[in-house]
């Protein structure tokens, strides 16, 4: 009887030992998977967020005043966080009646969060509700001052003339503007516009 009990305990101890060995292997296996996951996570740059078909609305007292849409947006969350619109951007500025006053498009743009400014580059076009068109290679939108400006070459087409210059400043909806250094003007027939 003692031999049978000893044999039972020996089998029981071997079973427990085998179970412990199995579970310890599983724990080591999980540890390795966790280590690999940590390594992959460490390699990933968690300071970069990407979005597709992005729409950003700026509102004043619950009324949308500015709407920006872009195919892609990348947010770099570093010491100076900013958004990059590498595939272009379209911004619409609305009046109090929620009618579009002007539209800005560009092939590339960056917007720094803390400075409340956006720089649009490459084929920048602004069109206001009067049909006036601004073309430039670089345009800066200062959200706090509610202005857009350029220090680059600009071309503005109105219903009766084309104005060329170097630099300009306008209100953000492009209904009033000043060209800094006019280099030329051409009278045009309004029916050709």
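The values are calculated or read from the model by the stated rules, or taken from the named source; none is laboratory data. This structure is a prediction, so every number in the text was calculated from the model and none was measured. Neighbour counts are summed over all protein chains in view; Cβ atoms, including those assigned to glycine, are modelled from backbone coordinates with ideal geometry.
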Exercise. If you go through region 173-188 one residue at a time, do you hit one that is assigned by TED's automatic domain parsing to the domain that holds residue 59, closer than 22 Å to residue 70 by Cα and touching a residue at least 12 places away in the same chain (Cβ under 8 Å)?
Worked result: yes
Exercise. When you look at residue 186, is it buried (at least 16 other Cβ atoms within 10 Å of the Cβ), over 29 Å from the mean Cα position of the chain (by Cα) and over 24 Å from residue 85 (Cβ atoms), yes or no?
Worked result: no
For this session: Return yes or no: is residue 152 in a loop (DSSP other than H, G, I, E, B) and in the same structural domain as residue 176 (by TED's automatic domain parsing)?
Result: no
